[in-house]
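One structure below.
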Amino acid sequence: MWAQPWWVNLLVLVPFATYFVFRRKGLLLNWRQLTASATFAAAFGFVEAAVVVYLRAALGMLPGYMGTLSELQHSSQSYEQAASLSRFPQSLLTIEMYREAATLVMLVSVALLAASKTSSRWAAFLWVFAVWDITYYASLWATVRWPASLTDLDVLFLIPVPWLAQIWFPLLVSALTLFAIAYCSASKSA
């Protein structure tokens, strides 16, 4: 039920810390900035999901991928995302780690472009990361019907070591983070 390694569980504090830091002074992010950065994050979340689908299919780890999308979505074989980690060749795991690092660089870059102050850039990064994360899981579900359940186990990141958690955990952290940033941004403009 809990994320591994143990310190990944501390991420649940991010939305609460964000709220407490920005609740009084508000955020210097307007809805145009949030919408534009969220649009990028959502598109990029889909791209990341597509990469995962292609990689799993190329390695023969995606049951039913040779048929239509509908046939793939209704495949009777189950797909285990977290179990696939042990089946990945080491060379591809290394490339996957570099891809993850590049993903973080892209999300940070959008945050740097979205805001001019350091505190607002941090909030913009959290915003973009949360939208990207939620869209990633929604895109996987829409395309290959994974995760089948919010309790499915996933490999969240590989850097610096594999992070494992049930799907509900990153979705909860991301949703709460979006709420905290939206609330603080709205309270600034009110």
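Some values worked out for this structure:
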read-out	value
Selection count where residues are assigned to a helix (DSSP H, G or I) and surrounded by 16 or more Cβ atoms within 10 Å (Cβ to Cβ), scope the stretch 139-151	4
Selection within the stretch 7-62 - over 29 Å from Leu93 (Cβ atoms) and within 13 Å of the chain's Cα centre (by Cα)	Ala38
Near pairs, Cβ below 6 angstrom, 6+ apart or cross-chain, from the stretch 172-190 (at pLDDT 75 or above and part of a helix (DSSP H, G or I)) to any residue that is surrounded by 21 or more Cβ atoms within 10 Å (Cβ to Cβ) and not aliphatic (A, V, I, L, M)	Ser174/Asp133; Leu176/Pro15; Thr177/Pro15; Ala180/Pro15; Ala180/Thr18; Ile181/Trp127; Cys184/Phe22
Failed condition for Met97, given (1) closer than 17 Å to Leu140 by Cα; (2) modelled with pLDDT of 90 or more; (3) open to solvent by 40 Å² or more (accessible area, probe 1.4 Å)	(1)
Failed condition for Ser91, given (1) open to solvent by 40 Å² or more (accessible area, probe 1.4 Å); (2) closer than 24 Å to Ala3 by Cα; (3) among the hydroxyl-bearing types (Ser, Thr, Tyr)	(2)
Residue in the stretch 172-187 that is surrounded by fewer than 19 Cβ atoms within 10 Å (Cβ to Cβ) and over 27 Å from Gln33 (Cβ atoms) present	no
Condition check for Asp154: assigned to a strand (DSSP E or B) and of a type in the set (Asp, Glu)	yes
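The values are calculated or read from the model by the stated rules, or taken from the named source; none is laboratory data. Quantities reported herein were computed from a predicted structural model and do not represent experimental measurements. Cβ sites come from the backbone with ideal geometry, for glycine too, and all protein chains shown count toward neighbours. SASA here: full protein model, heavy atoms, side chains in, ligands and nucleic acids out. Shrake-Rupley method; radii C 1.70, N 1.55, O 1.52, S 1.80 Å.
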